[in-house]
Structure formats: structure tokens, C-alpha cells
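These notes concern the structure reproduced below.
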Amino acid sequence: MKFDIKFAIEKIPMISRYIGNTIYLSVLAMIFGFILAVVIALLRYYKVKGIQRLLQFYVDFFRGTPLVAQLFFLYYGLAAALPVFTRMDGFTAAVIGMSLNGAAYMSENLRAALSAVDRTQTEAGLACGMRHLQVMRYIVLPQSARIAVPTITNDFINLVKGSSMAFVLGVRELMAQTSIVGAVSYKYFECYMDVIILYFLLNKLIHLGEKALESYLRVVSESNCIEKKNSGFCVSDLEKKRTEKQRA
């Protein structure tokens, strides 16, 4: 088989025409998934009674089953069981499925990031008169954000790659466009080579953005103390005050 490099180069603009749909689908899924993940992570972090088993089942279910099976279930299964879902289009089903799937992974990463912050810092903040919300905002979140950025970025990259499965629901994105161009020309090797390069470049840009954000957060955390609202002492000061209070 002869590789037609001229054809591959010529078809890149035609295939990349739908990269905007891939980004739009992935960003929507990331936004909704992240919001849901934050709620789940906080509920599990504070061990809210009565829903822990349900949340654990949710995480296990969406992490333990293939994304493509979840998309088929949402788009075809629910429509067959409940007629109201027949009005749902493929794009909406893809966003919902990817959001639910991404939230399961992100919630675990966020919970791990929150748990990585030493509990003594939380206790020190409470001992100095800070409320739970203030402790979370000024002590826990700034530190856990640095920890969570790399893993959350990986989750976003996985959503971008997972968006390629949306074409099975009739969504016109990078993978669907590649399949169409390949079917018309019968030059599948060149077409799929193009789409692999496009996905790689897109995810590489996301990775570079994550590195820049990680560096920025590192500089901020090293140059500024985590302060209590309208006060001027650092987390280390909180721990010292807690120790002094215990000794007294």
C-alpha cells in the first residue's frame, strides 16, 4: 500500500473543519462534569450521612463501564424505555453521557486533592476562630487546587479523546468527519493519520496550558501566605497559634 502524502495534507483542512465541534462538546462536558464532581467530592469529603453508598455506586458504575456503552444506553436505551427521551438529540446525549462519566473520575481526583491537605491546618484555622467555609476557602482550596490541576487536566484530555465516540450517536465531529472523508475516498490510512495528528496537537496544547497554570499556582503559593479574611497571618501562624492554645 502506497501512502499518499499529498492527499493526506490536502484533507487536513476538510477534517479539521469540525475540530470546533469536538472542542465545544468537550468543554461543555468538562463544565457540567466539573460542577457535579465538586458537589460529589465535597459530599464525600465531609462524609454526609445517608448518601455515601449511593455516591460510591455512582462513581463505581461510571468508572467501571465503557463510555460508548453509556452513550448507547442514554441515547437508544432510555428512548426505548421512556418515550420522553426520544426528543433528545445525539449531541445532548453525548454531553450528558460524557459529563456523567467525567464527573465520576474528577470527583475522585478532587476528593484526593482535598484529603491531601493536612487536617492539622484545618484544625488550626478553626482554633483561631475561622468558620468552616473560611477554612475551606482560605486554607484547603488554595492548596488542593495545585494538587488537582494535573489530574483534572488529564480528565479533560480524556474527555477530548472520549468525544470521538460521539459519532456513534450521529454527532458530526472530528472522528465522524474523518470516517466520512475516508469512506468517500477509500484512503482510510491517510485520513486516520490526519485525525490522530489533530487529536495529538489539540491535547498537546491543553497539556501546555496545564503546565503554565501549574507554574502560576506554584509562584502564587510560594509568594503569598494563605490569609484569614481581613487578617495577615499565614497557615504556619495558624498552626503556631493552635499549638500555643493547646499548651495554655
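Hey, does the stretch 197-217 have a residue that's in contact with a His (Cβ under 8 Å, 6 or more places away or on another chain), part of a helix (DSSP H, G or I), touching a residue at least 12 places away in the same chain (Cβ under 8 Å) and more than 30 Å from K2 (Cβ to Cβ)?
No.
Of the residues K6, K2, only one is outside any helix (DSSP H, G or I) and out of contact with any Lys or Arg (no Cβ under 9 Å at 6 or more places or on another chain); which?
On the way: K6 fails: outside any helix (DSSP H, G or I).
Just one listed residue meets the conditions, K2.
Does at least one position in the stretch 88-111 carry a residue that is out of contact with any strand residue (DSSP E or B) (no Cβ under 7 Å at 6 or more places or on another chain), among the polar types (S, T, N, Q) and modelled with pLDDT under 90?
Scanning the stretch 88-111 turns up no residue that is out of contact with any strand residue (DSSP E or B) (no Cβ under 7 Å at 6 or more places or on another chain), among the polar types (S, T, N, Q) and modelled with pLDDT under 90.
Can we say P83 is surrounded by fewer than 16 Cβ atoms within 10 Å (Cβ to Cβ) and under 28 Å from I23 (Cβ atoms)?
For P83, the condition - surrounded by fewer than 16 Cβ atoms within 10 Å (Cβ to Cβ) and under 28 Å from I23 (Cβ atoms) - is not met.
For the stretch 64-167, list the helices (runs of 4 or more DSSP H) that sit wholly inside it and hold at least 1 residues that are in contact (Cβ under 8 Å) with a residue 12 or more places away in the chain and touching a helix residue (DSSP H, G or I) at 6+ places or on another chain (Cβ under 7 Å); which are they? Can you show your working first?
Numbers: elements: 67-72, 78-81, 90-116, 119-127, 132-135, 141-162.
Fully inside the stretch 64-167 and qualifying: 67-72, 90-116, 119-127, 132-135, 141-162.
Failed condition for A29, given (1) at pLDDT below 95; (2) hydrophobic (A, V, I, L, M, F, W, C); (3) surrounded by 14 or more Cβ atoms within 10 Å (Cβ to Cβ), with all others met?
(1)
Scan the stretch 95-145 for residues that are among the charged types (D, E, K, R) and surrounded by fewer than 19 Cβ atoms within 10 Å (Cβ to Cβ) and jot them down.
Matches in the stretch 95-145: E108, D118, R119, E123, R131, R137.
When you scan the stretch 131-172, how many residues do you find that are charged (D, E, K, R) and over 30 Å from Q70 (Cα atoms)?
3
Among the residues of the stretch 178-193, are any outside any helix (DSSP H, G or I), over 30 Å from V220 (Cα atoms), of a type outside the set (S, T, Y) and touching a helix residue (DSSP H, G or I) at 6+ places or on another chain (Cβ under 6 Å)?
Looking only at the stretch 178-193, we keep the residues that are outside any helix (DSSP H, G or I), and these are 186-187.
Retained after the next criterion (residues that are over 30 Å from V220 (Cα atoms)): 186-187.
If we keep only those that are of a type outside the set (S, T, Y) too, we end up with 187.
If we keep only those that are touching a helix residue (DSSP H, G or I) at 6+ places or on another chain (Cβ under 6 Å) too, we end up with 187.
Yes, some residue in the stretch 178-193 is outside any helix (DSSP H, G or I), over 30 Å from V220 (Cα atoms), of a type outside the set (S, T, Y) and touching a helix residue (DSSP H, G or I) at 6+ places or on another chain (Cβ under 6 Å).
Consider V184 against the criteria (1) touching a residue at least 40 places away in the same chain (Cβ under 8 Å); (2) among the β-branched types (V, I, T); (3) surrounded by fewer than 16 Cβ atoms within 10 Å (Cβ to Cβ): it satisfies all of them except one. Which criterion is unmet?
Unmet for V184, out of (1) touching a residue at least 40 places away in the same chain (Cβ under 8 Å); (2) among the β-branched types (V, I, T); (3) surrounded by fewer than 16 Cβ atoms within 10 Å (Cβ to Cβ): (1).
Just to be sure, is L43 surrounded by 13 or more Cβ atoms within 10 Å (Cβ to Cβ) and either without any contact (Cβ under 8 Å) to a residue 60 or more places away in the chain or of a type in the set (D, E) (or both)?
Considered against the rule, which asks whether it is surrounded by 13 or more Cβ atoms within 10 Å (Cβ to Cβ) and either without any contact (Cβ under 8 Å) to a residue 60 or more places away in the chain or of a type in the set (D, E) (or both), L43 comes out as yes.
The values are calculated or read from the model by the stated rules, or taken from the named source; none is laboratory data. Here the structure is a predicted model, which means the values were calculated and not measured. Using ideal geometry, Cβ is built from the backbone for each residue, glycine included, and neighbour counts are taken over all protein chains shown.
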